[in-house]
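The values are calculated or read from the model by the stated rules, or taken from the named source; none is laboratory data. Computed from a predicted model, the values in this text were never measured in an experiment. Virtual Cβ from ideal backbone geometry, glycine too; neighbours counted across all protein chains shown.
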Amino acid sequence: MRIQAIDVLMCSPGRTFCTVKITTDDGLVGYGDGTLNGRELAVASYVTDHLAPALIGSDASRINDIWQFCYKGAYWRRGPVTMSAISAIDQALWDLNAKALGVPVHRLLGGRARDYITAYPHCSGHTVEAALEEAGARLAEGYKAIRIQAQVPGLATAYGVAKGDEEYEPASSTLPDVEEWDTGAYLDFLPRLIKATRDELGYGFELLHDGHHRLTPSQAGWMGRRLEPYRMFWLEDPTPEEDQQAFATVRSLTSCPIAVGEVWNSVYDCQQAISGRLIDYIRIPVTHGGGLTHLRQILALADVYGVRSGMQGASDISPIGQAANFALDWTIPNFGMQEYMGYPEETWAVFTPHYRVEDGVITLDDTPGLGVEVDEEAAARYPYTPKSLPVNRLRDGGMYDW
Ligand code: CS2
Ligand code: MG
């Protein structure tokens, strides 16, 4: 079982994915997801130019050693590009090894720890009414949790809300679109949206909202206090993630649960936040966090401090990366919640998953490996089209966090 080839497949079936394929000398194949929205080519180069040449000929059964080789063997460690590249290799190796043994990856992780994985979809609208209508529709489909976002009145664009009637995908133009931001308008608006959601739809479901890194710690505390009466499941990314200490201030000001981590990628990015019990949910997904091998370590640390999982599952995680998230959700003791945004229709031409999303919950079967088939001929029909994420500017033109 020696690694014979490592290939990168780039495709854009509705949105862009970067898939890594490992082939062994005895003909086994494993796939991993290395998609890093808007920076896919950097991951592709890291895999092709730096990891693949050094890994050809390695024993593919030594997942732990290969992980350490990629991580400790790089003087320049961590960061989203490096950790997504390592993750794609790691997922492909877990997929390949599980297929070699004829078992699903979740069996290798110790087996099922729950009957289903609770997932939340995105519900959004240009008005409060439109967002509530979408939320009502998802709840009617059986979802037990929803994330609600709506356009802040007076702002031309909004995080999490589609432009016009299109499906929401933030990376929609070749060069970064400029969006506009006004924190005051958001602080005035969000408590109204959350109150309207509970007034209209009640309390029989979990309610989530994504602040997308836009508040200061004291603003986040102020906001959290106002949301407390509505029993939020979480307020996500109230402040920019790179400042772990900021969460101590947020924590001291509100009991609203906090979810953080979608732009973190190593255990050292969240070491203080977890061990200081500054957050409630850790959102690092397998695809950006060094793969199953490293996420297991992060989630084990989180469990010690009472922090639960809340893995990112935006459509910029491919169905393979999602299957890797689900394998952990299915098996860990400290599962909290899983994001499931869904995919544009074209995505299913390339990826055929065996996981099921039904009645708002996800279940896995015993298909060997990660359980996602890849149609490479179909992928070739959707050539890679570069897209960038937007940037944010304040009304006075100054740059702001997006
Ligand atoms: C996000 C993403 O919660 C989430 O899933 O914040 O939508 C994020 O904006 C994208 O992953 C960026 O590519
Ligand atoms: Mg988010």
Criterion violated by Thr157 - all others in (1) in contact with an Asp or Glu (Cβ under 6 Å, 6 or more places away or on another chain); (2) not in a loop (DSSP other than H, G, I, E, B) satisfied
(2)
Just to be sure I understand, how many residues within region 271-286 are assigned to a loop (DSSP other than H, G, I, E, B) and either without any contact (Cβ under 8 Å) to a residue 12 or more places away in the chain or within 14 Å of ligand 2 (Cβ to nearest atom) (or both)?
4
Within region 37-92, residues assigned to a loop (DSSP other than H, G, I, E, B), surrounded by fewer than 21 Cβ atoms within 10 Å (Cβ to Cβ) and over 17 Å from the mean Cα position of the chain (by Cα) come out as Ile56, Gly57, Ser58, Ser61, Arg62, Gly73, Ala74, Tyr75, Trp76, Arg77, Arg78
Test each condition in (1) within 16 Å of ligand 1 (Cβ to nearest atom); (2) exposed (fewer than 15 other Cβ atoms within 10 Å of the Cβ) for Gly110 and report the one that comes out false.
(1)
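Could you identify the single residue in Arg214, Arg225, Arg112 that is within 16 Å of ligand 2 (Cβ to nearest atom) and more than 18 Å from the chain's Cα centre (by Cα)?
Arg214
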Per the filter on region 362-398, residues over 23 Å from Val161 (Cα atoms) and crowded, with 19+ Cβ neighbours inside 10 Å are Ile362, Leu364, Gly369, Leu370, Gly371, Val372, Val374, Ala379, Tyr382
Looking for something touching a strand residue (DSSP E or B) at 6+ places or on another chain (Cβ under 6 Å) and of a type in the set (Gly, Ala, Ser) - is there at least one such residue anywhere in region 332-352?
yes
So which pairs qualify, if the first residue must be in region 322-347 and in the same structural domain as Arg138 (by TED's automatic domain parsing), the second must be buried (at least 24 other Cβ atoms within 10 Å of the Cβ) and of a type in the set (Asp, Glu), the Cβ gap must be under 6 Å, and the two must be at least 6 apart or on different chains?
Phe335/Asp329; Gln338/Asp329
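Would you mind finding the one in Ala349, Ala300 that is more than 16 Å from ligand 2 (Cβ to nearest atom), under 23 Å from Phe233 (Cα atoms) and over 14 Å from the mean Cα position of the chain (by Cα)?
Every option except Ala300 fails the conditions.
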Taking interchain pairs and intrachain pairs at least six residues apart, which have beta carbon atoms under 9 angstrom, with the first residue in region 217-237 and over 14 Å from Ala259 (Cβ atoms) and the second crowded, with 23+ Cβ neighbours inside 10 Å and among the hydroxyl-bearing types (Ser, Thr, Tyr)?
Pro217/Thr239; Gln219/Thr239; Tyr230/Thr197
Look through Phe335, Phe326 and report the one residue that is out of contact with any Gly (no Cβ under 8 Å at 6 or more places or on another chain) and more than 16 Å from ligand 1 (Cβ to nearest atom).
Phe335
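Among the residues of region 4-30, how many are more than 16 Å from ligand 1 (Cβ to nearest atom) and surrounded by fewer than 24 Cβ atoms within 10 Å (Cβ to Cβ)?
The total comes to 16.
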Exactly one condition in (1) in contact (Cβ under 8 Å) with a residue 40 or more places away in the chain; (2) of a type in the set (Asp, Glu); (3) away from ligand 1 (no atom under 16 Å from the Cβ); (4) over 20 Å from Gln338 (Cβ atoms) is not met by Asp177; state its number.
(3)
Taking the criterion of being hydrophobic (A, V, I, L, M, F, W, C), more than 30 Å from Leu93 (Cα to Cα), surrounded by 14 or more Cβ atoms within 10 Å (Cβ to Cβ) and over 21 Å from the mean Cα position of the chain (by Cα), would at least one residue in region 156-176 satisfy it?
no
